[in-house]
1. State whether the residues of region 499-511 include one that is in a loop (DSSP other than H, G, I, E, B), charged (D, E, K, R), closer than 24 Å to K368 by Cβ and touching a Ser or Thr at 6+ places or on another chain (Cβ under 8 Å).
2. Taking region 173-190 as the search range and keeping residues that are open to solvent by 50 Å² or more (accessible area, probe 1.4 Å) and of a type outside the set (A, V, I, L, M, F, W, C), which one is nearest to R457 (Cα to Cα)?
3. Tell me which residues, restricted to region 352-382, are hydroxyl-bearing (S, T, Y) and surrounded by fewer than 19 Cβ atoms within 10 Å (Cβ to Cβ).
4. In region 227-253, how many are crowded, with 23+ Cβ neighbours inside 10 Å and aromatic (F, W, Y)?
5. Kindly evaluate M228 against the criterion of being in a strand (DSSP E or B), at pLDDT 95 or above and outside the structural domain of R365 (by the TED database).
6. Have a look at L490, L408 and point out the one that is closer than 22 Å to E349 by Cβ, touching a strand residue (DSSP E or B) at 6+ places or on another chain (Cβ under 6 Å) and either in the same structural domain as A188 (by the TED database) or aliphatic (A, V, I, L, M) (or both).
Amino acid sequence: MASSTIASSSTPFIKQNDLGRSSFTSTYLPIQRYSRKASSSSSSSRKVVSVMAPSQSQRPPSTTGSVKTGMTMTEKILARASERSQLVPGENVWVNIDVLMTHDVCGPGTIGIFKKEFGENAKVWDREKIVIIPDHYIFTSDERANRNVDILRDFCMEQNIKYFYDIKDLGDFRANPDYKGVCHVALAQEGHCRPGEVLLGTDSHTCNAGAFGQFATGIGNTDAGFVMGAGKLLLKVPPTLRFVMDGEMPNYLLAKDLILQIIGEISVAGATYRSMEFVGSTVESLSMEERMTLCNMVVEAGGKNGVVPADSTTYKYLEGKTSVEFEPLYSDDKARFLSEYRFDVSKLEPLVAKPHSPDNRALARECKDVKIDRVYIGSCTGGKTEDFLAAAKLFHASGRKVKVPTFLVPATQKVWMDIYSIPVPGAGGKTCSQIFEEAGCDTPASPSCGACLGGPRDTYARMNEPKVCVSTTNRNFPGRMGHKEGQIYLASPYTAAASALTGFVTDPRDFLQ
């Protein structure tokens, strides 16, 4: 087993190639066919015109002595969904889909393609397997954004879609009991995320659901339109990168620090069309919401999907959320991984991703001279209940008030209610909302994607001027949160809260130790 040590700005980690790259690719058994002209010349001048699999007649295992090759979790999920006993990375297979999700940004386009290709009067393949969630551009006066929600509503009424989380009264989200908020968190809270299943969504952060041990990935409108009518999709099986995270998690770190560490190591292209599987004692100790954070940002490394093996933590979270039977799958002991990365989490430090890329990693303490204008806590990545509990914990420990505007955008209506009802541990019974008010933060806003991806100009907390922001969101490209000259530092809720108290990028250890 080949191994090498790669230096890190915060801790060393080990990358291991399981069987070596050549050993991995040998499972494809490719043969080369050459053009007639090339075959008569020297080998150095030969030109490959095609690569194809060898033609072989099927023989029963009893005559070949063959045995089943070990598969990764992602390979096993796709094999079961394609009714195959065996799959290897690189194969293209028709996969039966368990859940298709779309929202107000991509839903109208998906519906348009479905009607164009299947017919104006066509019916969806299964009205109970399609989940439609308005969440992106909701609390705005923008006519086109509002029209998108109307299109979703009309389609769901026409198709009798069972799971449509509608909103009609934009003046008070609480007057809409069906409205949930950010699709990725709502999918989990409403029981649509189940181990061993295949979930596709018209949003790149659909990979969030991999925290439940399922294959979840984002697709485009064209693919979604096809799935809407056929219930299946042609997918290429990705190879898997394995991330082993061990060691006791320091009390100043959160899952956001872990995924920023990984992206900083492998780059935003390091997992392109790869599955990212997270294992190890640290991962096992994470709550479901923290596992969601981990899987949510695999796409920022180019990943096709992220997965965490289902365990007792998963099952406890799902209690009372779904009546659908599910069967988890796990990687075989002899599964082949393209590469394996090992981290000692106990040695990590709080991190940020500097503008303008999620892999522009730096230690938070190295950025202490960066003056900021605002803090944003929210999104599918950093707007869950535990994210706000973490921020409130730090605010309470400091006993100080924020020095810059601090915007709070709960991911879902349930998260909003938790902010006002759940006592913060160690805070004498105070809730998040009480602590936020004492610290001088903005009042928690209506649950939605908010300013995470900019949106119409009247979107709450949108950066309409070139500000410097510390944010718990997932992307920091130019223009991501509004103004193209804005600067976004991605950080954990701890680091975001600490930075709000000082007006500079701040290591949370200044307040937690």
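The values are calculated or read from the model by the stated rules, or taken from the named source; none is laboratory data. As the structure is a prediction and not an experimental result, all values here were calculated from the model. Here Cβ is always computed from backbone atoms with ideal geometry, including for glycine, and neighbour counts include all displayed protein chains. When the accessible area is computed, the model is the full protein with side chains, heavy atoms only, and any ligands, DNA or RNA have been set aside. Shrake-Rupley method; radii C 1.70, N 1.55, O 1.52, S 1.80 Å.
1. Yes: one or more hits.
2. R174
3. Let us first name the residues in region 352-382 that are hydroxyl-bearing (S, T, Y), namely 357, 376, 379, 381.
Residue satisfying the conditions is S357 alone.
4. Of the residues in that region, 1 qualify.
5. Details: in a strand (DSSP E or B): no; at pLDDT 95 or above: yes; outside the structural domain of R365 (by the TED database): yes.
Criteria not met by M228.
6. Step by step, each of L490, L408 is checked, and only L490 is closer than 22 Å to E349 by Cβ, touching a strand residue (DSSP E or B) at 6+ places or on another chain (Cβ under 6 Å) and either in the same structural domain as A188 (by the TED database) or aliphatic (A, V, I, L, M) (or both).
Every residue, every condition in (1) assigned to a loop (DSSP other than H, G, I, E, B); (2) in contact with a Pro (Cβ under 7 Å, 6 or more places away or on another chain); (3) modelled with pLDDT of 95 or more; (4) closer than 15 Å to H205 by Cβ, yes or no:
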site	(1), (2), (3), (4)
L235	no, no, yes, no
F243	no, no, yes, no
P250	yes, no, yes, no
L253	yes, yes, yes, no
L258	no, no, yes, no
G270	yes, no, yes, no
E277	no, no, yes, no
E289	no, no, yes, yes
L294	no, no, yes, yes
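Conditions tested, residue by residue: (1) touching a His at 6+ places or on another chain (Cβ under 9 Å); (2) open to solvent by 10 Å² or more (accessible area, probe 1.4 Å); (3) of a type in the set (S, T, N, Q); (4) not assigned by the TED database to the domain that holds R374.
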| site | (1), (2), (3), (4) |
| --- | --- |
| V415 | no, no, no, no |
| S433 | no, yes, yes, no |
| C449 | yes, yes, no, no |
| R462 | yes, yes, no, no |
| K484 | no, yes, no, no |
